[in-house]
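Heads up: the structure comes next, in structure tokens.
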Amino acid sequence: MSDPNDGDGGPLIYKSGIFSGGRLERRPRVDLGSIEEPARSIPVFRDCDVLVVGGGPSGTAAAVAAARAGAEVILLERHNHLGGLSTGGLVIWIDRMTDWSGRQVICGIANDLLDRLPKDAVAGPPRGAWGSADEATAAYWRERTAAFHGIVTWSPTVDPEHLKLASQELVLAHKVHLIFHAWGAMPLMRDGAVGGVIFESKEGRQAIRASVTIDCTGDGDIFHRAGAASSADIDARDIHHCINTAFMLGGVDMPRWLAFKTGQPEAFTAFMDRGRAACGGLFERPFVSWRNDVALFMGPRLAGYSAVDVEDLTEVDIRSRRLMAAHLAVYREHAPGFEGAFLMLSAPQTGVRHARRLVGVDRVTRADWPSGQPRPDEIGVSPSLSPKYPVVSVPYGALVPAKLDGLLVAGRAMSCDATSHSFLREVPQCWMTGQAAGAAAAVAASNGVLPRAVPVRQVQDLLIRQGALIRVGAPVPA
């Protein structure tokens, strides 16, 4: 989640929210050689126009967008639900979808999903308050994760179970072939291009052939294993490289907690100091959820771990669950509103923010922030980190590998620099890039061309018809 300052060289999030050190003891890895796996025949499970690997926010949007455009779509998801970190990762605070004037700039399928949620499954400011700089209004919503820099934004918190259901039903309503419990293991290569994916499930190893494949794994697993280049540098000032397992406590009184936090600042500071002492320095404050009796903890955020190292991921989960129990003890004993708190849920999915970023035909960089001008191949618009900057144009080239064909990439693995990744990894931006990738994949499959050769104007027109914000007008490059 972004908690930015003015984006002008200072930390992008409070440094105190990043924790490093304290690693668990681990057996060292030694070189044990290798084994040879004999060649074998792999049955073909299905053929399709568009194959989406990963059913997180980007994958859900990609599948729906491609199916709406008439493509035959298969969506592979390794868990038993859709939504990825927005549901299974408990990232239920959906970050900013409006610019600093209050105009919603991330819409389209993002709206389709949120509009499917029951009214009691969404908490956030009413539309009339978006963009408000009224001091009292902004102060109220700041404590409810929906106001930054003194401006109210559309940043709802949602019930993750209802978002799972809404995502599933939207996908199925568009006749997408949805497959849970299927891990996209390796790209299926044909003439040097990606022609589908080999996946693993309880049935063993099978293949899906596709005209276009979209990597929505978040970690870039498919494009990486296909040999496409990636970047892994981080902005150490920002939490975008941290990993943790989020959790929720039930049985709380969040209005009472907020009254304590805002009305007794000295007591609140003393409480946080007590918590840090009890938890070895790794202590997190709670966020509101969609209900007043549920508290969300998005940390402690752990630095120094790799999202593509299986032992690192294991250690993150171990440490996070120990910290969850330690937090419960401190909050129940000392925090107003938490006397009857209980462990409600630790996230089924580990909260990975960053692993790999595609090296694409184009990318979003820090140097792009001041402009605000639409790229000729704009496929989406992101809010900026600060009112000092206009919106950020996302180009189609940021979804296209520099050299690898047959594949598009959406979600947090899109092509950008480390600083821009701090906000382009968020759930709304994943919905936005996923919808764009799905639309482009359908156009490529329909026209019988490679994804890098699609008529971009045709993709833009399709996205506009699907409700996305695209500012067309500039000549589209060949």
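Can you give the net charge of the other residues whose Cβ lies under 10 Å from the Cβ of residue 159, counting K and R as +1 and D and E as -1?
0
Rounded to the nearest Å, what's the spacing between the alpha carbon centres of region 36-62 and region 328-391? Just the number, please.
Here the answer is 28 Å between Cα centres.
Could the peptides 55-61, 169-175, 421-427 be put in order, highest first, of the mean number of other beta-carbon atoms found within 10 Å of their residues?
Ranking, from highest mean packing down: 55-61, 421-427, 169-175.
How many percent of the accessible area of the chain is carbon or sulfur, using a 1.4 Å probe?
51
How large is ³J(HN,Hα), in whole Hz, for each residue of region 243-259 in order, when computed from phi with the Karplus curve 6.51 cos²θ - 1.76 cosθ + 1.60 and θ = phi - 60°, using x for Gly and Pro?
Calculated HN-Hα couplings, in order: 10, 6, 9, 6, 8, 10, 10, x, x, 10, 10, 5, x, 5, 4, 5, 5 Hz.
Specify the inter-centroid distance of region 155-211 and region 413-433, based on alpha-carbon positions, in whole Å.
With region 155-211 and region 413-433 each reduced to a Cα centre, they are spaced 20 Å.
Taking Cα atoms, how many degrees apart are the long axis of helix 310-334 and the longest axis of the chain, rounded to 10 and kept between 0 and 90?
30
Would you calculate, for the chain, the mean residue ellipticity at 222 nm contributed by helices, counting each DSSP H stretch of 4 or more residues as -39,500 (n - 2.57) and dividing by all residues, to the nearest 500?
Counting only the DSSP helices, I get -8500 deg cm²/dmol.
Just tell me which lysines come within less than 16 Å, Cα to Cα, of residue 164; anything on the same chain fewer than 8 places away is out.
Counting by Cα, and skipping residues close in sequence, residue 164 has these lysines nearby: 119.
Can you tell me the 0 to 90 degree angle between the C-alpha axis of helix 160-173 and the longest principal axis of the chain, rounded to 10?
Once rounded, one gets 20 degrees.
The values are calculated or read from the model by the stated rules, or taken from the named source; none is laboratory data. Model, not experiment: these values are computed from the prediction. Please note: Cβ atoms are built from the backbone with ideal geometry, for glycine as well, and neighbour counts cover all protein chains shown. Note: accessible area is taken over every heavy atom of the protein model, side chains too, but ligands, DNA and RNA are not part of it. Shrake-Rupley method; radii C 1.70, N 1.55, O 1.52, S 1.80 Å.
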